[in-house]
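One structure is given below, encoded as structure tokens.
The values are calculated or read from the model by the stated rules, or taken from the named source; none is laboratory data. Everything numeric here is computed off the predicted structure, so don't read it as measured data. Because the Cβ atoms are built from the backbone with ideal geometry, glycine has one as well, and the counts that use them run over all protein chains shown.
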Amino acid sequence: MATPGERTDTILTLPQVEVVTVKSGAGALRNKPLAATVVTAAEVSRQGIVNMHQISEVAPNFYLPSYGSRVTSSIYVRGIGARIDQPAVGLTVDNVAILNKDNYDFDLDNIIKVEMIRGPQSTLYGRNTMCGMISVATLSPLQYQGVKASVEGASHGTYRASAAAYQSFAGGRLGLAAGASVNGTDGYYHNQHNGSHVGRERNWSAWYKASWRPTASLSIENTGRFTSYRQSGYAYESLATSTIAYNDTCFYRRNSFVDGLTVAYRSGPWSLTSITSLQYINDNMTLDQDFLPESYFTLTQRRHETAVTEDIILNHTSERYDWLAGVYGFIRHSRMSAPVTFLPTGIARLIEDHRNQVNPYYPIKWDDDNFILTSEFSLPYKGIGLYHSSNYRWRNWTFTAALRLEIERPEIDYRSFTSTSYTIWDMTHDTPAIFRKEKVDLNETGRLSHTYVELLPRLSAVYALPGTLGNVYASFAKGYKSGGYNTQMFSDFLQQKLMATMGMSELYNADDIISYRPEKSFNYEVGAHLILMEGKLNVDATLFYIDCRDQQLTRFPDGSTTGRIMTNAGKTRSIGAELTAAWRISRHFDLTASWGHADARFCRYDDGIHDYSGNHLPYAPLNTAYAGLRYHTDFSGGWLDSFECMASMRGVGPIYWNEDNTRRQSFYAPISLSAMATSGIFQLRIWAENVNSVSYSTFYFKSMGNEFVQRGLPFRAGATLRVDIDIAGR
């Protein structure tokens, strides 16, 4: 995503401050033994990027689909990812790590750089970065003073407005900034059952940022962000009827707050950095869990989560040898309530009918037209990581060795309970009569805890090619994703307990479904970062092999159930390649393209009923592709300063939806068009996405044996007006 003369991963340098991710260190990522895509501020503006979904579209083998709700931020990199619970890709914003992936999907203003690193980053960043890392940097009030504002209107009732002010004081040593934004949409589809909009959103956010440099050696930065999201309905289409039609309420609501404090002290070759954060989430997901026009059951999942993190990093640099050491710790506590309400159709078809088929002479009838299976959880989680990384330079070579000790302890206190009743009827006589009334009181409680200890090594070597041709590298790294607990299966577990009280077999063993083990991967990679045609063409190429053990896989249990269970799938592997190119064709034209291929398959996975060995892993695309052609021209004199237009394509697929590979989404490639003109403090961008009206799905799931898909976004178009009043004149 480079403008003429700018490398794709150039570190953006603005007056007074150089934007550098603390653990990446100074220097372009293309000089390091890793595969990365960097999006600059110019590209953020050019493509109207404000969230993680848009950022991910330009990177090969990097897939962040929209699953219909902002609670689900699943990221797949190189064929591996996670749908629920622990993330497989880490996220930092201004060096603050976001702990819970359910809080990944939020909007950001005034992004100046995004680094997307593919491959395990567990040695430096620890838990849940086994597939990669996203690092976002936003504008500092020491870099810019003035006002930035934007307003956007688009089809489907979509709108967005934001404003931010930046100011420096004390001779440029202190800077303060604050901003706010609102956005919303009426949604892109309709619920055919009642004609309502699906995916309607009304959101707002507010943020602040303070940067202080009391001395040349000491810098202090504090950032905070409040967000509020209100989202209704999901575009889940039944494969049986090809319609979106359900009768009960669906919505997602989230309030969150993240505050991060970064204190850095530098003295000669030494630097010491402390990054502290406080994170809070309060959300509510309510679903018509059967997604049918009938009243089977609904789910509500309410959560309050608070977390504190601390990362202390010590750096030392010299001519030949650099090293970094650190300690990271976190404490996270969640309280969750997840009641499932059984409604008349659900009671009749899922409980009464099954029971009465077994004993038709003494059928049962529920006393009420609904009852609740309630699950409550307390989930304390804490961990600590100790890490070290050394870089040694010898001639054209740079060698890196790193090691991390990770210790984590997840715990769960659970209580699942219900209180209901039913009547047994005697049908052995001519006149039905009440045989007996039965009271059902279930109360399942328990406490589980695990301690996980992992050593996470990383080794790499980079060879600088002669002149300015670039470099080649090889690396090995171990990735790690923590274990956890299947909270979403407790209602199904309690349902089976209830059925067992009526003489029907119990399907689940609590010990088998409640917990799942950590996932580990061993990543082998070779690559090259090449600078060709006198700097006009930058090419990055990567080959990788990933050996994954105990891979965490989301499964839908067989039968008339609604839960999702995370299980460990034995052994899997992913083999693939990545290629990116940024070509400055001429003074006015440049072309950026990327392609990623990840053939991820089960090596060993037998669930006792089916052997899936050799099949593709579900949900991760086999291929990703991106191409963007841009025309740009500057004007001297007159009212127009610059004009550019761009055409781009993002291709994904095929995606296999289930373990037996019988369902899949074929390769699809929506096309986007945009034009942008700048005049003084104003910038106008007109854009259209999915102009070729590609119909595709981004998600597949089963509920009670019924199959559903999440529809992808249709054609949409809009215009964005930005105002930039730079009072410093930079």
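The single condition from (1) touching a residue at least 24 places away in the same chain (Cβ under 8 Å); (2) at negative phi; (3) more than 23 Å from the chain's Cα centre (by Cα) that Gly570 fails is (2). Restricted to the range 573-587, and to residues that are more than 24 Å from Ala598 (Cβ to Cβ) and surrounded by 16 or more Cβ atoms within 10 Å (Cβ to Cβ), which residue is farthest from the chain's Cα centre (by Cα)? Result: Arg584.
A residue that is over 19 Å from Asp105 (Cβ atoms), out of contact with any Ser or Thr (no Cβ under 7 Å at 6 or more places or on another chain) and buried (at least 19 other Cβ atoms within 10 Å of the Cβ) occurs somewhere in the range 177-186. Any residue in the range 670-685 that is over 30 Å from Asn615 (Cα atoms), in contact (Cβ under 8 Å) with a residue 60 or more places away in the chain and among the aromatic types (Phe, Trp, Tyr)? Checked the range 670-685: no residue is over 30 Å from Asn615 (Cα atoms), in contact (Cβ under 8 Å) with a residue 60 or more places away in the chain and among the aromatic types (Phe, Trp, Tyr). Checking the structure you have, find out if any residue of the range 392-402 is surrounded by 16 or more Cβ atoms within 10 Å (Cβ to Cβ), assigned to a strand (DSSP E or B) and at pLDDT below 90. For the range 392-402, residues surrounded by 16 or more Cβ atoms within 10 Å (Cβ to Cβ), assigned to a strand (DSSP E or B) and at pLDDT below 90: absent.
Conditions tested, residue by residue: (1) closer than 23 Å to Asn95 by Cβ; (2) among the hydrophobic types (A, V, I, L, M, F, W, C); (3) surrounded by fewer than 19 Cβ atoms within 10 Å (Cβ to Cβ); (4) without any contact (Cβ under 8 Å) to a residue 60 or more places away in the chain.
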position: Thr223; (1), (2), (3), (4): yes, no, no, no
position: Ala235; (1), (2), (3), (4): no, yes, no, no
position: Ser242; (1), (2), (3), (4): no, no, yes, yes
position: Ser256; (1), (2), (3), (4): yes, no, no, no
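Take Ala307 and decide whether it is hydrophobic (A, V, I, L, M, F, W, C), under 20 Å from the mean Cα position of the chain (by Cα), modelled with pLDDT of 95 or more and within 30 Å of Trp212 (Cα to Cα). It is true that Ala307 is hydrophobic (A, V, I, L, M, F, W, C), under 20 Å from the mean Cα position of the chain (by Cα), modelled with pLDDT of 95 or more and within 30 Å of Trp212 (Cα to Cα).
Number of residues in the range 353-375 that are without any contact (Cβ under 8 Å) to a residue 60 or more places away in the chain and either among the acidic types (Asp, Glu) or exposed (fewer than 15 other Cβ atoms within 10 Å of the Cβ) (or both): the value is 4. Tell me whether the range 705-725 contains one or more residues that are under 21 Å from Tyr63 (Cα atoms), in a strand (DSSP E or B) and hydrophobic (A, V, I, L, M, F, W, C). Yes, some residue in the range 705-725 is under 21 Å from Tyr63 (Cα atoms), in a strand (DSSP E or B) and hydrophobic (A, V, I, L, M, F, W, C).
In the set (1) among the aromatic types (Phe, Trp, Tyr); (2) touching a Ser or Thr at 6+ places or on another chain (Cβ under 8 Å); (3) more than 30 Å from Trp323 (Cβ to Cβ), the condition left unmet by Phe399 is number (3). Of note, Thr286 does not satisfy the criterion of being modelled with pLDDT of 90 or more, of a type in the set (S, T, N, Q), closer than 22 Å to Gly195 by Cα and crowded, with 21+ Cβ neighbours inside 10 Å.
The residues on offer are Gly157, Gly187, Gly195, and the sole one that is without any contact (Cβ under 8 Å) to a residue 12 or more places away in the chain and under 30 Å from Met285 (Cβ atoms) is Gly195. Could you pull out the residue among Asn471, Asn523 that is at pLDDT 85 or above, of a type outside the set (Ser, Thr, Tyr), assigned to a strand (DSSP E or B) and under 30 Å from the mean Cα position of the chain (by Cα)? Selected residue: Asn523, the only one of Asn471, Asn523 that is at pLDDT 85 or above, of a type outside the set (Ser, Thr, Tyr), assigned to a strand (DSSP E or B) and under 30 Å from the mean Cα position of the chain (by Cα). Asn623 meets all of the listed conditions (1) over 25 Å from Gly718 (Cβ atoms); (2) in contact with a Ser or Thr (Cβ under 7 Å, 6 or more places away or on another chain); (3) at pLDDT 95 or above but one, namely (2).
The set of residues from the range 144-173 being among the polar types (S, T, N, Q) and within 29 Å of the chain's Cα centre (by Cα) comprises Ser150, Ser155, Thr158, Ser162.
If I go through the range 220-270 residue by residue, how many of them are of a type in the set (S, T, N, Q) and not in a loop (DSSP other than H, G, I, E, B)?
Within the range 220-270, the first condition is being of a type in the set (S, T, N, Q), and the residues that meet it are 222-223, 227-228, 231-232, 238, 241-243, 247, 249, 255-256, 262, 267.
Within this subset, residues satisfying the condition of being not in a loop (DSSP other than H, G, I, E, B) are 222-223, 227-228, 231-232, 238, 255-256, 262, 267.
Residues that pass the stated criteria total 11.
I want to confirm something. Restricting to the range 27-50 and keeping residues that are hydrophobic (A, V, I, L, M, F, W, C) and out of contact with any strand residue (DSSP E or B) (no Cβ under 7 Å at 6 or more places or on another chain), which single residue is modelled with the lowest pLDDT? In this case the residue turns out to be Ala28. The set of residues in the range 316-341 that are of a type in the set (A, V, I, L, M, F, W, C) and within 30 Å of Asp369 (Cα to Cα) comprises Met336, Ala338, Val340. Checked against the criterion of being part of a loop (DSSP other than H, G, I, E, B), polar (S, T, N, Q), surrounded by 20 or more Cβ atoms within 10 Å (Cβ to Cβ) and at pLDDT 70 or above, the range 478-491 contains one or more residues that satisfy it. Just so you know, in the range 50-84 the residues that are among the polar types (S, T, N, Q) and in contact with a Lys or Arg (Cβ under 7 Å, 6 or more places away or on another chain) include one that is nearest to Pro120 (Cα to Cα), and it is Asn61. When Asn692, Asn658 are screened for being without any contact (Cβ under 8 Å) to a residue 24 or more places away in the chain and among the polar types (S, T, N, Q), only Asn692 passes. Among the conditions (1) surrounded by 17 or more Cβ atoms within 10 Å (Cβ to Cβ); (2) at pLDDT 95 or above, Thr554 misses just one, which is (2). Note on the range 89-121: residues that are among the charged types (D, E, K, R), assigned to a strand (DSSP E or B) and within 15 Å of the chain's Cα centre (by Cα) amount to 2.
Name the residue that is farthest from Gln145 (Cα to Cα), counting only residues in the range 202-221 that are surrounded by fewer than 19 Cβ atoms within 10 Å (Cβ to Cβ) and not hydrophobic (A, V, I, L, M, F, W, C). Here the residue is Arg202.
Somewhere in the range 643-650, is a residue over 26 Å from Ser697 (Cα atoms) and either in contact with an Asp or Glu (Cβ under 9 Å, 6 or more places away or on another chain) or of a type in the set (S, T, N, Q) (or both)? Yes, some residue in the range 643-650 is over 26 Å from Ser697 (Cα atoms) and either in contact with an Asp or Glu (Cβ under 9 Å, 6 or more places away or on another chain) or of a type in the set (S, T, N, Q) (or both).
Listed conditions (1) more than 17 Å from Tyr67 (Cα to Cα); (2) touching a Phe, Trp or Tyr at 6+ places or on another chain (Cβ under 7 Å) are all met by Gln710, apart from (1).
Look through the range 122-159, keep the residues that are aromatic (Phe, Trp, Tyr) and outside any loop (DSSP other than H, G, I, E, B), and return whichever of them is nearest to Tyr208 (Cα to Cα).
Checked the range 122-159; the qualifying residue nearest to Tyr208 (Cα to Cα) is Tyr159.
With respect to the conditions (1) among the aliphatic types (A, V, I, L, M); (2) within 28 Å of Asp186 (Cα to Cα); (3) within 28 Å of the chain's Cα centre (by Cα), Ile655 falls short on a single one, namely (2).
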